[in-house]
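Visitor: One structure is given below, represented as structure tokens, and several questions about it will come after.
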Amino acid sequence: MSRVRGKDTEPERFVRRLLHQLGYRFRLHRRDLPGRPDIVLPLHRAVILVHGCFWHQHPGCSKATVPKTNSESWETKLNRNVGRDKENIAALRKAGWKVATVWECELTDSKALLSRLSEVLPDLRRRSEHLQALASKLAGVIEGTNLLRAEAASSVVRVRISRQQGK
Ligand SMILES: [Zn+2]
């Protein structure tokens with residue numbers, strides 16, 4: 001049940017898109033690794049887990065509450081999730097994988113997200129700076145073409161005015 005729930009969530013897709021934009025190659029839900037981790041980057045020997053704050057009980061997070069009705073069975077269930085996560089992470093690390101956990105509530109904070117991901121992807125900052133530089137260069141080119149257009153338009157106007165005046 002938890003496997004189905006945890007697969008292909010919107011937060012996970014968000015992180016995948018970001019990594020893809022930064023040029024990373026990754027595999028999803030590798031069955032041969034403990035807990036079938038969400039995102040695996042074999043080249044970097046890195047695993048990224050994207051966790052919902054409620055289901056995985058993000059420590060200190062306001063979303064990590066236990067429902068008041070049926071609280072005992074909820075607590076058992078949620079504790080089981082947390083225990084399983086700990087076991088999986090320990091097993092992955094033991095097998096030589098670097099593991100980062102991205103929490104759902106961190107996705108709206110790009111600084112927190114980037115620093116979380118660069119724990120296991122040391123070249124991530126360089127890549128994102130490169131991408132930003134490219135974006136601003138592109139913006140400069142677009143602005144440049146607008147300037148050229150504006151100049152061309154104003155010279156047409158100038159020619160018209162001078163013709164009218166010369167008459
Ligand atoms: Zn959280």
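Visitor: Looking at the structure I just gave you, is Gly35 assigned to a loop (DSSP other than H, G, I, E, B), assigned by TED's automatic domain parsing to the domain that holds Ser118 and either aromatic (Phe, Trp, Tyr) or touching a helix residue (DSSP H, G or I) at 6+ places or on another chain (Cβ under 9 Å) (or both)?
Guide: yes
Visitor: Continuing with this model, one more query. Test of understanding: among Gly96, Gly83, which residue is away from the ligand (no atom under 15 Å from the Cβ), assigned to a helix (DSSP H, G or I) and small (Gly, Ala, Ser)? I'd like the intermediate steps shown before the answer.
Guide: Values: Gly96 fails: assigned to a helix (DSSP H, G or I).
Sole residue among the options that is away from the ligand (no atom under 15 Å from the Cβ), assigned to a helix (DSSP H, G or I) and small (Gly, Ala, Ser): Gly83.
Visitor: Here is a follow-up. Report, by residue number, each residue of segment 38-80 that is within 22 Å of Phe14 (Cβ to Cβ) and either of a type in the set (A, V, I, L, M) or part of a helix (DSSP H, G or I) (or both).
Guide: Once the filter is applied, which keeps residues that are within 22 Å of Phe14 (Cβ to Cβ) and either of a type in the set (A, V, I, L, M) or part of a helix (DSSP H, G or I) (or both), segment 38-80 yields Ile39, Val40, Leu41, Pro42, Leu43, His44, Ala46, Val47, Ile48, Leu49, Val50, Ala64.
The values are calculated or read from the model by the stated rules, or taken from the named source; none is laboratory data. On a predicted model such as this, the values are computed, not experimentally measured, just so you know. Note that we place each Cβ from the backbone using ideal geometry, even for glycine, and neighbour counts take in every protein chain shown.
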